[in-house]
Amino acid sequence: MMLDELIKDVQKSLFVSPRSASQYILKKESLMEYVNTTVLSHPQIVHLIGGNTFSMVRDNHSNHWGFMANVFQFNSYEMLVRMVPWVYRTYRAHGFSFDYFPLELETWKQAVGKFLDASSADEIITVYDWMLRNHGKMISLSEAPSDATDRYPRLAKDRKVFLSHLLAADFRKCLSMANEILQQENGQELLYLGLIQPVMAEIGRLWEQDEISVAEEHLATSVVGRILAGVYNQWPMPKQPSRGKAVVTSAPNEFHELGGRMLSDILEADGWDVLFLGANTPAVELMKILRKTKPSFLAISLTMPFNVDKVAAIIATVKESADLSQTKIIVGGPAFHWDADLWRRIDADAWAEDPHAALKQVNQW
């Protein structure tokens, strides 16, 4: 399989030292200014970006720097291989030409060579050269159909109906379906993992393919949030939490919170006393809560891979705090699906692929 071959290739052929990664991070402003100026002054830029705005190009460059900085810091080349086809697919659907990416990558190479010292530049340019050599394969992977396994096939028709109601912003019909599924055996698992999670993944895919707008994506997320609140009181909650205290949060600069919210509900139903902090929790404020409550564990949800370093910084701070020596840390969310070993590199105690796997892990602790 092409994807597996590329992952094996990068893992044995690419490496960036901590020193070189630090230089790339420290030179952010110079790198960004050079890339923005050079790319946006290209004579074919309007054609290459499909009539999109220059601000969208600048946002892409900022996200590129943040993502690559994390790839270099943690030598997460599996994440690189898995993320690039997603970027190609998403920007192509929004009108960008595939020819835009070699221009961008060549410009990053020039910037790195201009602003980093020779040895650091050589290490990082090797990565950009690898990306350029495999540009055609990344296009092929971006166009390949998903091979995701349906763990709850009997809900396939329900998901289609639920999705149609969600896109119509019909809260009442969505809530009615949620209540029906909730009454089934293992209703909470079916609702969260069999219905809501895959439907929201499809919402994300529709945005990637430019079939719905950002506003429609946000509206769907809002409706699902209301549904979770609407069914919350139906969980068979213990009269008193008995398992201990837990803190669940999204990473700083992370605005996706549904995964963390679902985990919080599942933990509470199992007897945990949960503090759910929601999206974009500042690290300083998170540490205040942790020192005040001293939970048994901290769960951090992360969707966007350019925020891995922020999670790593939180973990390091917790580990260095004597008063939190008993607090375990579990991470989850799509960012950790890109690289099976990333959680170990940032020194988390565990990783869970979904809320029920997280529940199993924390109860083992």
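The values are calculated or read from the model by the stated rules, or taken from the named source; none is laboratory data. Just so we're clear, the structure is a prediction, and the values are computed from it rather than from any experiment. Positions of Cβ are backbone-derived with ideal geometry, glycine not excepted, and every protein chain shown enters the neighbour counts. What goes into the accessible areas is simple: the full protein's heavy atoms, side chains included, and nothing from ligands, DNA or RNA. Shrake-Rupley method; radii C 1.70, N 1.55, O 1.52, S 1.80 Å.
Values for this structure:
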| item | result |
| --- | --- |
| Gyration tensor verdict on segment 92-203 (Cα atoms; rounded if a/c is under 1.5, prolate if a/b is larger than b/c, oblate otherwise) | prolate |
| Rounded percent of accessible protein surface that carbon and sulfur make up, the chain, 1.4 Å probe | 52 |
| Distance between segment 60-98 and segment 168-190 - C-alpha centres, whole angstrom | 35 |
| Candidate lysines - alpha carbon under 22 Å from Lys137, same-chain residues fewer than 8 apart omitted | Lys8, Lys12, Lys109 |
| Anisotropy class of segment 214-284 from Cα gyration tensor, a/c 1.5 cut | oblate |
| Cβ-derived FRET efficiency at R0 30 Å, Glu216 paired with Asn63, nearest 0.05 | 0.90 |
| Debye, to nearest 20: dipole size of segment 1-104, +1 on Lys, Arg Cβ, -1 on Asp, Glu Cβ | 160 |
| Mean separation of Cα contacts under 8 Å, 6 or more apart, over the residue count of segment 156-313: relative contact order % | 21 |
| Residue-normalised accessible area of segment 7-115, expressed per residue, 1.4 Å probe, Å² | 44 |
| Proximal lysines relative to Lys360, as straight alpha-carbon distance under 25 Å, when same-chain residues fewer than 8 apart are discounted | Lys239, Lys245, Lys294, Lys319, Lys328 |
| Summed residue charge, Cβ within 13 Å of Leu40's Cβ, Lys/Arg positive, Asp/Glu negative | -2 |
| The chain, helix-only ellipticity at 222 nm - DSSP H runs n ≥ 4, -39,500 (n - 2.57), divided by all residues, nearest 500 | -19000 deg cm²/dmol |
| Prolate/oblate/rounded call for the chain, Cα gyration tensor, a/c under 1.5 rounded | oblate |
| Computed label-point distance, nm, for sites Gln110 and Met32 using a 7 Å Cα→Cβ extension | 2.0 |
| Per-peptide average of other Cβ atoms within 10 Å, ordering 142-150, 201-209 highest first | 201-209, 142-150 |
| Gaussian network model of the chain, springs between alpha carbon atoms under 10 Å - residue of Met200, Met68, Met56 with greatest fluctuation | Met56 |
| FRET efficiency estimate (nearest 0.05) - Cβ-Cβ, Lys360 to Gln183, R0 22 angstrom | 0.35 |
